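Notes follow once the structure below has been shown.
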Amino acid sequence: MNAMKPPLLDLFADAEPQQAPRCEQIGEQSCVLRGFALPWLDRLLPALESVLAAAPFRQMVTPGGFTMSVALSSCGTLGWTTDRSGYRYSRIDPQTGHPWPAMPEVFFQLAQAAAREAGFAEFVPDACLINRYIPGSKMSLHQDKNENSYAAPIVSVSLGLPAMFLFGGFERSDKSRRVPLLHGDIVVWGGVDRLRYHGVLPIKPGHHPRLGEQRINFTFRTAG
Ligand code: SIN
Ligand code: FE2
């Protein structure tokens, strides 16, 4: 050890190895926060139940006429839907005829905390899409571009069965990076990476002790 080093710096040097890096960088302004959602789980799951009681999962049809293998719901001021006539955000859930359920406070706080950790201090999400994957469900490469502005990041929370997330470039044909995601992981992408193509490979069969045979994903956005 360098005898000239001031004692305070030594203190930080000792503390450093115990702190796992919170942000696993997958792009210039993108990162994976491993296990970030785990301490929030006991509050997240009951809140999720009440959202789903008001806005149940449904399988939607894309404008191209394909039924998505993922079932969706939303909460927040704006919810996302697709049908033969297009993709859109709306204030009313077309299935129930009611406004989307409010975003639970714990959802909002988790999204803000994760965004802050990833370097986006001012994140105010107004939409949370909830995706339910069963084994075999997948999400093809796409860009998130139905939002009014791309200034805010996307905060994506993974729960339940593991997934292989694809994080690509700015053209669909660009090579994508494979990012394994586990229960509790959060991916944040924004800034120069905001419009990167991304997707999810088919979920492998399995049983998760807390969520059973499914993967649940939340994506928080500032849509309006
Ligand atoms: C999405 O891109 O909407 C979902 C991403 C995921 O399920 O991890
Ligand atoms: Fe997406």
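The values are calculated or read from the model by the stated rules, or taken from the named source; none is laboratory data. Computed from a predicted model, the values in this text were never measured in an experiment. Heads up, the Cβs are rebuilt from the backbone with ideal geometry, glycines too, and the neighbour counts pull from every protein chain shown. Ligands, DNA and RNA are stripped out before the accessible areas are found, and what is left, the full protein with its side chains, is counted by its heavy atoms. Shrake-Rupley method; radii C 1.70, N 1.55, O 1.52, S 1.80 Å.
Could you go through the stretch 114-124 and let me know if any residue there is within 17 Å of residue 187 (Cβ to Cβ), without any contact (Cβ under 8 Å) to a residue 24 or more places away in the chain and more than 16 Å from ligand 2 (Cβ to nearest atom). Break it down stepwise before answering.
Going residue by residue through the stretch 114-124, those that are within 17 Å of residue 187 (Cβ to Cβ) are 114-120, 123.
Those still in the list that are without any contact (Cβ under 8 Å) to a residue 24 or more places away in the chain too: 116.
Those left that are additionally more than 16 Å from ligand 2 (Cβ to nearest atom): 116.
Yes, the stretch 114-124 contains a residue that is within 17 Å of residue 187 (Cβ to Cβ), without any contact (Cβ under 8 Å) to a residue 24 or more places away in the chain and more than 16 Å from ligand 2 (Cβ to nearest atom).
Determine, yes or no, whether residue 112 is closer than 15 Å to residue 219 by Cα and surrounded by fewer than 19 Cβ atoms within 10 Å (Cβ to Cβ). Spelling it out, residue 112 is indeed closer than 15 Å to residue 219 by Cα and surrounded by fewer than 19 Cβ atoms within 10 Å (Cβ to Cβ). A single entry from 144, 126 fulfils the requirement of being more than 21 Å from residue 62 (Cβ to Cβ) and either open to solvent by less than 20 Å² (accessible area, probe 1.4 Å) or more than 11 Å from ligand 1 (Cβ to nearest atom) (or both): 126.
Total residues in the stretch 177-196 satisfying the condition of being outside any loop (DSSP other than H, G, I, E, B) and in contact with a Lys or Arg (Cβ under 9 Å, 6 or more places away or on another chain): the figure is 3.
Taken over the stretch 173-190, the criterion of being of a type outside the set (D, E, K, R) and within 16 Å of ligand 2 (Cβ to nearest atom) is satisfied by 176, 179, 181, 186, 187, 188, 189, 190.
Counting only residues that are in a strand (DSSP E or B) and either without any contact (Cβ under 8 Å) to a residue 24 or more places away in the chain or not polar (S, T, N, Q) (or both), the stretch 197-224 holds 10 of them. Tell me which of these residue 152 doesn't satisfy, since it passes every other one: (1) surrounded by 16 or more Cβ atoms within 10 Å (Cβ to Cβ); (2) on the phi < 0 side of the Ramachandran plot; (3) without any contact (Cβ under 8 Å) to a residue 60 or more places away in the chain. All conditions are met except number (3). Within the stretch 63-84, the set of residues being open to solvent by less than 40 Å² (accessible area, probe 1.4 Å), touching a residue at least 24 places away in the same chain (Cβ under 8 Å) and β-branched (Val, Ile, Thr) comprises 70 only.
Against the definition (touching a His at 6+ places or on another chain (Cβ under 7 Å) and within 16 Å of ligand 2 (Cβ to nearest atom)), how does residue 168 come out, yes or no? Spelling it out, residue 168 is indeed touching a His at 6+ places or on another chain (Cβ under 7 Å) and within 16 Å of ligand 2 (Cβ to nearest atom). Within the stretch 200-215, if we keep just the residues that are within 15 Å of ligand 2 (Cβ to nearest atom) and crowded, with 17+ Cβ neighbours inside 10 Å, the residue that is nearest to residue 139 (Cα to Cα) turns out to be 200.
Restricting the stretch 163-190 to residues that are away from ligand 1 (no atom under 11 Å from the Cβ) and touching a residue at least 40 places away in the same chain (Cβ under 8 Å), the residue that is surrounded by the most Cβ atoms within 10 Å (Cβ to Cβ) is 188. Scanning the stretch 150-176 for residues that are assigned to a strand (DSSP E or B) and among the hydroxyl-bearing types (Ser, Thr, Tyr) gives 156, 158.
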